Amino acid sequence: MTPEELNRTIEFLVQWQARMAARQEETAAKQEEHEAWTKDMIARLARVSEENSRLMKRQLEVLNVQSERMDRMDRLHENWSRQNAEILRLLKQIMDRLPPFPPNLN
């Protein structure tokens, strides 16, 4: 190998090494950016998860209140229906005891 070829080879290797070092620095910078982005996303996800848990608890509370209201309305309706049936039974007894309606005397 001639000194000129050796110099070109050395120059090529130095340039190649410089390019590789630059790429490594680029890769390291991108990796740092990605790690920062990942940490941010994990923190956001944790906040969303916490908010979701709070919302689910609130929904359960509302569901329980609504269920209690529906149960109360069912009991009111049942009582009303029972009372209504009793009133209708008493009205029928009254109607049965009334004398027949007089015919039209015109």
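Derivation of every value follows stated rules applied to the coordinates shown; laboratory data play no part. Since the model is a prediction, treat every value here as computed from it, not as a measurement. Positions of Cβ are backbone-derived with ideal geometry, glycine not excepted, and every protein chain shown enters the neighbour counts.
Tabulated values for the structure
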{"read-out": "Exclusive hit being exposed (fewer than 10 other Cβ atoms within 10 Å of the Cβ) and out of contact with any Ser or Thr (no Cβ under 6 Å at 6 or more places or on another chain), set ILE87, ILE94", "value": "ILE94"}
{"read-out": "Residue that is exposed (fewer than 10 other Cβ atoms within 10 Å of the Cβ) and out of contact with any Asp or Glu (no Cβ under 6 Å at 6 or more places or on another chain), where the choices are MET73, MET1, MET41", "value": "MET1"}
{"read-out": "Output for region 63-106, where each listed residue is aliphatic (A, V, I, L, M) and assigned to a helix (DSSP H, G or I)", "value": "LEU63, VAL65, MET70, MET73, LEU76, ALA85, ILE87, LEU88, LEU90, LEU91, ILE94, MET95"}
